[in-house]
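Okay, structure first, notes after.
The values are calculated or read from the model by the stated rules, or taken from the named source; none is laboratory data. Owing to the predicted nature of the structure, the values given are computational and were not obtained by experimental measurement. Ideal geometry is used to build each Cβ from the backbone, glycine not excepted, and the neighbour counts take in all protein chains shown.
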Amino acid sequence: MSEKVDISKQLEDLTVLYEITKQLASSLELRDCLEKTMHILAEMKDMENGTVTIVNPLTGKLEIEVAHGITAEGRKRGKYKIGEGITGRVVSTGEPIIVPQISEEPLFLNRTRARGNISEQKKSFLCVPIKDGQNVIGALSIDRFYRDGISEQANTDLQYLTVLSSLFAQTVVRIQKVNRETEELYTENLKLKRELSEKNKINDIIGNSSRMQDVYEMIHRVVDSNATVLLRGESGTGKTLVAKALHYNGKRRSKPFVVVNCSALPETLLESELFGHEKGSFTGANERKIGRFEQAEGGTLFLDEIGEISNSVQVKLLNVVQERSFQRLGSTQQINCDVRLVAATNRDLEKAVAEKNFREDLYYRLNVFPIYMPPLRERRTDILLIAEFFLDKYAKESGKNIRRISTSAIDMLIQYHWPGNVRELQNCIERAVIICDGDTIKGIHLPPTLQTAESTKKDNPYSLAVAVANFEKELIIEGLKRNNGNQTKTAKDLDTSLRIINYKIHQYSIDPRNFKI
């Protein structure tokens, strides 16, 4: 009969061992597989308060990785110096320890407070080291009640836990290695992306979105060419910055960059402004004037709002674009020019051509290399980058120590449709800096247009669900900032699993790379 009991017990032990091995091999998340293992020990082996403690390589302290039946607060309290308490002694000596009765052991610290009043505890405490070769990396401990007191069963359990600890050691080393390699790959990938981004980046233009990467690519393709560039896009999208980038990153950078706003001048003055005039060519022309084409010789002439020029100016401009020569008003002398032309408009030139408001031949001469500037609502991932740039700029100008933008304010910025594009965002942040008296831009500092339900597209922006979600997002962002964007460390910091953190990061569209230093 005794042999049958022994065989049954061995089969039971093997079954538990098999289930635990399956769990340890099933996941790349250490806490997840260890928690399942502790649950199996509690359910199938009556081993309560199963705890795995790992040495933190940064602090040198023992920290609870998982603890079955212990609260989150208890896990946080469960930190020991090596050599301190029973667990610390096991790690220090590398030898297992059995405490026959917890209530009678003065070294038992009960920092987790999971066992209540330990003076009333009749349970035994078993703790074995977790070793990687000769190196002790942690400890495995359980509580067990022995009806007949400490017996041979306790030693059998200790041997069983020692076998488990070797499996745990292999799992810890394997997962830490995978996480380390993953982190290294992620860091290397991030480094390569940054290098590519820096290579394509244009000074003074902010944005890493795919739409802006397309713009950077177009700029690099045409920057050293003499081809005429037509910048298309809504007002406030940064066409002037692109025009400057084309000049100052190209081979004409040492020559003049001249800007003419075609919509700011009436027809008669615009013609004189562009081509110049001779003394006495019209009333008020008291001396010769050098036009913008001559001023830009060898450099770049940027014609902003080109869609607003009159038909007569279009005719003369066409001649300059075709022949690269012009005449001053009141002169018959032909002047040759070597100027790179960049034009910009927010008008629908195709429609203007169809309606005979813009010359078709001039349109085709200007539209040699078009670059489309996307509106801010189509590059929402850039909104926070741009907002933080302006925050830093205006905080320095005003002498204020404003360091960040709150999560609620970020939500409002991201969800607003920005009809005025980057220019409107710039004015918005400047206003917020003026109003803000603390170190954080909050939703109340933003203009009323951003705080309406219509603009934020929230059915009930003040609902409990939204408030909780915003608070949760704020916690995760703060955690990522503290941990340099490391999701594993953030999960541990917030006392949750990496799986949950990854899910929340995806849910709230948080990019951990933004918090890398």
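Assess whether Thr496 counts as being assigned to a loop (DSSP other than H, G, I, E, B), modelled with pLDDT of 85 or more and over 21 Å from Ala387 (Cα atoms).
Spelling it out, Thr496 is indeed assigned to a loop (DSSP other than H, G, I, E, B), modelled with pLDDT of 85 or more and over 21 Å from Ala387 (Cα atoms).
For Leu362, indicate whether it is part of a helix (DSSP H, G or I) and either in contact (Cβ under 8 Å) with a residue 40 or more places away in the chain or charged (D, E, K, R) (or both).
When the stated conditions are applied, Leu362 passes them.
Ile444 is checked against (1) surrounded by 15 or more Cβ atoms within 10 Å (Cβ to Cβ); (2) part of a helix (DSSP H, G or I); (3) of a type in the set (Val, Ile, Thr) and fails just one. What number does that condition carry?
For Ile444, the failing item is (1).
Starting from region 367-392, take each residue that is over 22 Å from Glu217 (Cβ atoms) and assigned by TED's automatic domain parsing to the domain that holds Leu413 and list its partners that are of a type outside the set (Ser, Thr, Tyr) and surrounded by fewer than 21 Cβ atoms within 10 Å (Cβ to Cβ), counting only C-beta distances under 6 angstrom and pairs at least six apart or across chains.
The qualifying pairs are Phe390/Gln426.
Is one or more of the residues making up region 47-59 touching a residue at least 60 places away in the same chain (Cβ under 8 Å) and of a type in the set (D, E, K, R)?
Among the residues of region 47-59, at least one is touching a residue at least 60 places away in the same chain (Cβ under 8 Å) and of a type in the set (D, E, K, R), which makes the answer yes.
Within region 57-79, does at least one residue satisfy the condition of being among the hydroxyl-bearing types (Ser, Thr, Tyr) and modelled with pLDDT of 80 or more?
Checked region 57-79: no residue is among the hydroxyl-bearing types (Ser, Thr, Tyr) and modelled with pLDDT of 80 or more.
Among (1) within 21 Å of Ile510 (Cβ to Cβ); (2) among the small types (Gly, Ala, Ser); (3) not in a helix (DSSP H, G or I), there is one condition Gly438 misses while meeting the rest; what is its number?
Going through the list (1) within 21 Å of Ile510 (Cβ to Cβ); (2) among the small types (Gly, Ala, Ser); (3) not in a helix (DSSP H, G or I), Gly438 breaks only (1).
Within region 183-213, which residues are surrounded by 13 or more Cβ atoms within 10 Å (Cβ to Cβ) and either modelled with pLDDT of 75 or more or closer than 22 Å to Gln23 by Cα (or both)?
Listed by number, the residues that qualify are Glu183, Ile205, Ile206, Gly207, Asn208, Ser209, Arg211, Met212, Gln213.
Any residue in region 416-435 that is of a type in the set (D, E, K, R) and without any contact (Cβ under 8 Å) to a residue 12 or more places away in the chain?
No, every residue in region 416-435 fails to be of a type in the set (D, E, K, R) and without any contact (Cβ under 8 Å) to a residue 12 or more places away in the chain.
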